[in-house]
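Chemist: Next up is a structure, given as structure tokens.
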Amino acid sequence: MVLSRVIAILTLLSFPLLASFPEDRAAQMLFLLHKGEVEKAFTIYSEEVRESDTHDFTLLQEAGKQLLQKGVESRDPEVEVMCMFGAGISNSSSLLPVLVKGMGSKQEQIQLLALRFLGALHDDEADLLIQNALGSPSLLMRLEACLHLAQKNYPDILNQLQSLMYKVPPQIRAVFPQIAIHIEGGEAESYMRHLLTDKELSVRMEAILRVAKGKRDEFLPQIRKLATQPHHAEQEGCAFALGALKDSESIPLLRELAEKGRPTVRMAALHALYELNSSFSLSWLKQEALCGDLFALQTLAKMEGEGNEIFAKLLDSEDREVHFQALLALLKRRDKRAIAHIESLLFLDKQDLGFYQVSSPGGTIKVWKCLPSAHASAKKYPGILAQTTALREKALLACLEISEKRFYPLCRRLLFSGERSLVPLIVKLLENKQSEEALALLREGTQKTGAPYARNYCALALYRLREEGPYEEMITRWIRLAGGETLIQFKEGEASELLSPKFALSPSETSRFLVESYETLASIQSPAALDTLLYAMVHGNPKNRYALAGLLIRITE
């Protein structure tokens, strides 16, 4: 015990700046944190704040670091996740030891989260830790480490990647082009050529798409050759790539594919010819779109100025997937005719419709499919709820750009409908507008009964805008009464890639408001705001302390 107190005092004395609190009180706080007595430690801090009427940010930083270092030793997976989140949002290289312990967790999810946050740091020591992950027994860890190192162009990454490729099952090998495309140099270019001719179709397809998206025209000779191969999915991918790479030499080949290929190959070739400003006929594509072919509709939608009348006509289609595809096309083009039908996408409560994307065989055309009872089907269709929310958010943004007059009434209905997924975006848009109508709607929202989620978000926005009113009191009261017991929970975001995004942390609805409230209070640093944060450290959900610790470190550095 004596040794622990000595360590705490020595730690305090090693601060780059002397603490404003008396050394014995600061050492007592750190000693209690070392023993795991968090409530007592922060109670002492709060008492000292009341006596001195000042905060000691240096001490708060050290307290936050100790709390995270202690918490990461827990065997509770929820606490481990919270420690990774706290260390990540702190954006501080001083918390590398916490992420190191996360890398050694028995839970693969914790390891991957630690690796993700290490990859976000611009720090040599963090890069060394990522290199160490190449020796992990977990295949996902090794692949994730390869991706981070490839993005940093680590010298030996190509050898590591080539060695690993021959140790994985065939179905995993399609990940490798996603990693290899980031590596620079002649040897990396040769490796990508090898992937473009791999015996596995999935590997070749992924390599083709990565070359196209990366605008890597040095691989055009290989793409032209692959476009003549018999497999229709490969032809589709190559047609897309030739258009993306603006390869005018391939116009005759693209015209041939547009005339004789399978439907999605023809669509990809027609879009490529459009990208190359080459003459071509759209009569077949328009006929397919009028007949309700979703891939044809999406291809036509990518050709600016083409098909508007077709989309407008199909807004009345009884096939809801055709209706939504046409609606999305008009919204993307900011066509006013879409506004009359936008409610079908924004208000989904009765049917609980969900939206998920389906790709063409070559992966170049993605269309939206509908699914009723989305919440009940979420486990069977991972990511459907996140995709649905993202799609509706895009529609709302388009509405604001097309008709501000219609935007405000829609926002009012959505805010007070009890449906929560769009509330954060609506409030953020109103906060950014700061027009009198937007501010009036935010004020109205703070008075609305029966919609507490929207009411709290509106109050938070007005508080951030420093509007006159009881908004700080509303937020601090909510945190003390309701938010104090709320556990910050996370959900997986939409996985748009094969690797990293799947492991990104995204707070769930109630948690998102709690996190945003904490961040707002921390950034404003008013006495009431900081008092509320300290109250949450003492009286709130014990597991939330580790997220708060990271936040305190970030705002006090």
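For (1) among the acidic types (Asp, Glu); (2) under 27 Å from LEU242 (Cα atoms), each residue gets a yes or a no:
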{"site": "TYR274", "(1), (2)": "no, yes"}
{"site": "TRP284", "(1), (2)": "no, yes"}
{"site": "ASP293", "(1), (2)": "yes, yes"}
{"site": "LYS302", "(1), (2)": "no, yes"}
{"site": "GLU306", "(1), (2)": "yes, yes"}
{"site": "GLU309", "(1), (2)": "yes, no"}
{"site": "GLU318", "(1), (2)": "yes, no"}
{"site": "PHE324", "(1), (2)": "no, no"}
{"site": "LEU327", "(1), (2)": "no, no"}
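Chemist: Here is a further query. Can you list residue pairs whose Cβ atoms sit under 6 Å apart, with the first residue in the range 75-96 being in a loop (DSSP other than H, G, I, E, B) and the second being polar (S, T, N, Q) and surrounded by 18 or more Cβ atoms within 10 Å (Cβ to Cβ)? Count only pairs 6 or more apart in sequence or on different chains.
Modeler: Matching pairs, first to second residue: none at all.
Chemist: For the range 526-557, enumerate the residues that are farther than 20 Å from GLY88 by Cα, of a type in the set (Ser, Thr, Tyr) and part of a helix (DSSP H, G or I).
Modeler: Listed by number, the residues that qualify are THR532, TYR535.
Chemist: Can you tell which of SER281, SER202 is outside any helix (DSSP H, G or I) and of a type in the set (Ser, Thr, Tyr)? Give the steps one after another, and end with the answer.
Modeler: Details: SER202 fails: outside any helix (DSSP H, G or I).
Exactly one residue qualifies, and that residue is SER281.
Chemist: Now for a different question. Please specify each residue of the range 246-263 satisfying the condition of being surrounded by 22 or more Cβ atoms within 10 Å (Cβ to Cβ) and either among the hydrophobic types (A, V, I, L, M, F, W, C) or under 30 Å from the mean Cα position of the chain (by Cα) (or both).
Modeler: Result: LEU254, LEU257, ALA258.
Chemist: For the range 155-190, what are the residues that are under 16 Å from LEU140 (Cα atoms) and assigned to a loop (DSSP other than H, G, I, E, B)?
Modeler: If the condition is that a residue be under 16 Å from LEU140 (Cα atoms) and assigned to a loop (DSSP other than H, G, I, E, B), then TYR166, LYS167, VAL168, PRO169 are the ones that fit.
Chemist: Please state which one of ARG455, ARG466 is among the basic types (Lys, Arg) and in a helix (DSSP H, G or I).
Modeler: Working: ARG466 fails: in a helix (DSSP H, G or I).
Only one candidate passes the filter, namely ARG455.
Chemist: Shifting gears a bit: Restricting attention to the range 191-243, which residues are of a type in the set (Lys, Arg), under 24 Å from ASN159 (Cα atoms) and without any contact (Cβ under 8 Å) to a residue 24 or more places away in the chain?
Modeler: Passing the criteria: only LYS199.
Chemist: From the list PRO382, PRO424, which residue is modelled with pLDDT under 90, under 24 Å from SER508 (Cβ atoms) and of a type outside the set (D, E, K, R)?
Modeler: Working: PRO424 fails: modelled with pLDDT under 90.
Among PRO382, PRO424, only PRO382 is modelled with pLDDT under 90, under 24 Å from SER508 (Cβ atoms) and of a type outside the set (D, E, K, R).
Chemist: Give the range 247-259 a look and list any residue that's closer than 20 Å to ALA233 by Cα and either in a loop (DSSP other than H, G, I, E, B) or touching a Lys or Arg at 6+ places or on another chain (Cβ under 8 Å) (or both), or say none. Steps first, answer last, please.
Modeler: Of the residues in the range 247-259, the ones closer than 20 Å to ALA233 by Cα are 247, 250-259.
Correct list: ASP247, SER250, LEU253, LEU257, ALA258, GLU259.
Chemist: Would you confirm whether or not the range 128-149 contains a residue that is surrounded by fewer than 18 Cβ atoms within 10 Å (Cβ to Cβ), in a helix (DSSP H, G or I) and among the acidic types (Asp, Glu)?
Modeler: Within the range 128-149 (the criterion being surrounded by fewer than 18 Cβ atoms within 10 Å (Cβ to Cβ), in a helix (DSSP H, G or I) and among the acidic types (Asp, Glu)), the answer is no, since none of the residues qualifies.
Chemist: Then there's this: Taking LEU330, is it free of Cβ contacts under 8 Å to residues at least 40 places away in the same chain and either part of a helix (DSSP H, G or I) or out of contact with any helix residue (DSSP H, G or I) (no Cβ under 8 Å at 6 or more places or on another chain) (or both)?
Modeler: On the way: free of Cβ contacts under 8 Å to residues at least 40 places away in the same chain: yes; either part of a helix (DSSP H, G or I) or out of contact with any helix residue (DSSP H, G or I) (no Cβ under 8 Å at 6 or more places or on another chain) (or both): yes.
So LEU330 passes the test.
The values are calculated or read from the model by the stated rules, or taken from the named source; none is laboratory data. Worth saying up front: this structure is predicted, and the values here are computed from it rather than measured. Every residue, glycine among them, receives a Cβ derived from its backbone with ideal geometry; neighbour counts consider all protein chains shown.
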